[in-house]
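Let me begin by presenting the structure, written as structure tokens, before commenting on it.
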Amino acid sequence: MAELIADGIKSAERNEIKVLNVKDVDLNEEQTYDLVVIGSPNHVGSHIKSIKKFINNLPSANLKFDSFAVFDTYMGNDFEKVVKKMERQLDEKIPNSTKTFPGLSIKVGGMKGPIVEEDLVKCKEYGTKLAKKE
């Protein structure tokens with residue numbers, strides 16, 4: 001999903017993209033971005049522990065960004081549940097950043113996926129919209 005969103009963002013030639021697992025991000029290393037996009041699966045109605053921890057550590061990190069966007073995956077009736085929680089947490093932890101675009105919530109067919117076929121195209125479209133906002 002992150003790769004598909006990145007493909008959409010790449011549609012604007014001026015954009016340089018990095019797709020990383022939060023566990024691979026060194027928050028002590030000085031980094032500056034125009035946009036940070038964070039995603040998480042829905043795990044019992046919330047984002048996973050590593051994403052919560054990553055967001056909680058952002059205020060003291062050397063990772064700086066002007067704006068953010070989020071995405072999640074869901075099953076059943078949990079549409080946008082995790083997206084809204086991540087947006088609230090980011091608004092609280094990084095009050096000077098701006099939500100670039102409302103979060104993307106993508107339906108999956110089961111606990112381990114896959115993404116529901118009709119939602120695949122939404123990922124790249126979301127990235128394209130993010131690129132146009134920048």
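Per-structure values
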| read-out | value |
| --- | --- |
| Sequence of S97, S50 once ranked by neighbouring C-beta atoms within 10 Å, starting from the fewest | S50, S97 |
| Ranking of I94, I5 by count of other Cβ atoms within 10 Å, fewest first | I94, I5 |
| Sum of side-chain charges, V22 neighbourhood, beta-carbon under 15 Å (Lys, Arg +1; Asp, Glu -1) | +2 |
| Residues K23, K85, sorted so that the one with the fewest Cβ neighbours within 10 Å comes first | K23, K85 |
| Highest-MSF residue in the chain out of N77, N62, N15 [GNM, Cα springs under 10 Å] | N77 |
| Largest-first ellipsoid semi-axes for the chain, taking √(5λ) over the Cα gyration tensor eigenvalues, angstrom | 22, 19, 13 |
| Aspartates and glutamates whose Cα lies under 17 Å from that of K133, excluding same-chain neighbours fewer than 8 positions away | D7, E13, E16, D34, D66, E125 |
| Under-14-angstrom lysine pairs by C-alpha in the stretch 1-59, whenever the two are 8 or more apart or on separate chains | 4 |
| Values of log10 I(q)/I(0), in the order q = 0.12, 0.15, 0.24 Å⁻¹, for the stretch 71-134 under a Debye, Cα-only, solvent-free model | -0.35, -0.53, -1.05 |
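Readers should treat all values here as calculations from the given coordinates under stated rules, not as data from a laboratory. As the structure is a computational prediction, the values presented were derived from the model and not from experiment. Reconstructed Cβ throughout: ideal geometry from the backbone, glycine too, with neighbour counts over all protein chains shown.
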